[in-house]
Amino acid sequence: MRSVVEHQAVVAALFDTPRPVRVSLPEALGLASLADVEAPLSLPGFDNSAMDGFAVRAADLADATEATPVTLPVAADIPAGRTDDLTLAPGTAHRIMTGAPMPTGADAVVPVELTDAVVGPVAAAATVTFTAPVEAGRHIRRAGSDIERGTRALPAGTVIGAPQIGLLAALGIADITVARPLRVVVLSTGSELVEPGNPLRHGQIYESNGAMLTAAATESGALGRHVHFVPDDTGDFLSRLGEVADSADLIITSGGVSAGAFEVVKDALSATGSVDFVKVAMQPGMPQGCGHFAGPRGSRVPIITLPGNPVSALVSFEVFIRPALRAAMALPAHRERVSARLGADIRSPRGKRQFLRGVLGEAQPGSGIVVNPIGPPASHHLRYLAEADALIDVPADADGVAAGSQVDVLVLR
């Protein structure tokens, strides 16, 4: 059997390097920048007030005290957005709002609360009185104190979130080069499958893998699309693949890859010679397949075929697809891994690397993080997968791990 590490390498080799695309700022959310972004201007772009108050020359207030206050005439009002150049004459003050440009000659701002002026949007007083001196530079945001023109605003590889969009917008940048999100088409197979919302007949089950894997692809940063499942018919299956191949960067199937009869995915794609079906030494998720599918208009699309049991399908996605998919979009590829103390004994099939569902507990002083196994290992127990927030990674050479042992844990949330 192929090892987990070997199959991870085979899956990763299916993907190209990240492809650049220029998008608007709203479209960039969640994507990764592919080039350094330089600041086209400084922030702030001009000296401005950090407070609502009065722009002054500090020297004019040097002798101000409670006993000997200094009263200055208010020569101008400067709201935010005023664009003309003003000069503060010695012995005067300008009422100024937060973010408004400092007048030439002013070297400090005194908050309105420290004067006798009335707080609020009222007409400027004829005079304003100060009862304490102020340091030069006080309450002034200097031009370029946030970022200077020509310096790096964002490095390549930055995942664009709300703060990054805020910075880019403040710099006047309307679009950015990012790694293009990949289009992932998920296709489930099985004559026993019924779409949720419809009645079941005896022997039928609701289709869940397609919705689950589409959500997993979308959570990974890709553009996931669920194509309605097809029955166990190789002709129908290949026809449906042909319909989606030219609009996909990756096709994921679930089901039909084991060793039994009616394995439609394996039967259909084995004949093409471009998809390898293997056994991977892991539990759950031993039957795997991957390769390329030739579309009707010349496309050659990576295709990954996952087992049909829901736990096997999602664990396989986590172990094989998610890291490679995110790397192909220049996103951080790997989930967090932690060492945790096992809360209960577990058994594992020797020779297979087991990924066992677990729940992380709060870290305890002196003992660190605890992880508790949850549910039986069988791959149809979807309920326990929904409750798990971790996968306990048990080495292939172990047939059991005792409670209290340190184990490697893949954090899912």
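FYI, it's all coordinate maths here, none of it is from the lab. Everything numeric in this text was worked out from a predicted model, so none of it was measured. So basically every Cβ, Gly included, is an ideal-geometry build from the backbone, and we count neighbours across all protein chains shown.
Values for this structure:
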quantity: Alpha-carbon gyration tensor eigenvalues x 5, square-rooted, for the chain, Å; calculated: 63, 27, 18
quantity: Calculated from backbone phi, Karplus (6.51, -1.76, 1.60) coupling profile of region 107-112 in Hz, x at Gly/Pro; calculated: 10, 6, 10, 9, x, 4
quantity: Relative compactness, region 1-117, computed as alpha-carbon Rg over 2.2 N^0.38 Å; calculated: 2.04
quantity: Farthest toward positive dipole pole in the chain [+1 Lys/Arg, -1 Asp/Glu at C-beta], among A55, M1, L154; calculated: M1
quantity: Stokes-Einstein D for region 337-411, Kirkwood Rh over Cα pairs, 4 °C, 1.567 mPa s (µm²/s); calculated: 106 µm²/s
quantity: Potential extension, D77-A35 segment - 0.36 nm per residue separation minus Cα distance; calculated: 10.8 nm
quantity: Measure of compaction for region 48-141 (Cα Rg per 2.2 N^0.38 Å); calculated: 0.95
quantity: Over the chain: helical MRE at 222 nm, DSSP H runs n ≥ 4 each giving -39500 (n - 2.57), nearest 500; calculated: -4500 deg cm²/dmol
quantity: Antiparallel DSSP beta bridges within the chain, percent to nearest 5; calculated: 65 percent
quantity: Rounded to the nearest 20 debye, dipole of the chain from Cβ charges on Lys, Arg, Asp, Glu; calculated: 1220 debye
quantity: Amide proton proximity set for G256, modelled H, under 5 Å, gap of 5+; calculated: G308
quantity: Fraction of beta bridges assigned by DSSP in region 337-411 that are antiparallel (%, nearest 5); calculated: 90 percent
quantity: Value of relative contact order over the chain, rounded to a whole percent, pairs C-alpha under 8 Å and six or more apart; calculated: 16 percent
quantity: Highest to lowest packing among 275-284, 126-135, scored as the average C-beta count within 10 Å; calculated: 275-284, 126-135
quantity: Highest to lowest packing among 205-214, 301-310, scored as the average C-beta count within 10 Å; calculated: 301-310, 205-214
quantity: Diffusion constant of region 216-322 at 10 °C, which comes from Stokes-Einstein with the Kirkwood Cα-pair radius and 1.306 mPa s, µm²/s; calculated: 113 µm²/s
quantity: Most to least packed among 22-29, 232-239 [average Cβ atoms within 10 Å]; calculated: 232-239, 22-29
quantity: Most positive-pole-ward Cα, L31, I96, F15, against dipole of the chain from beta carbon charges; calculated: F15
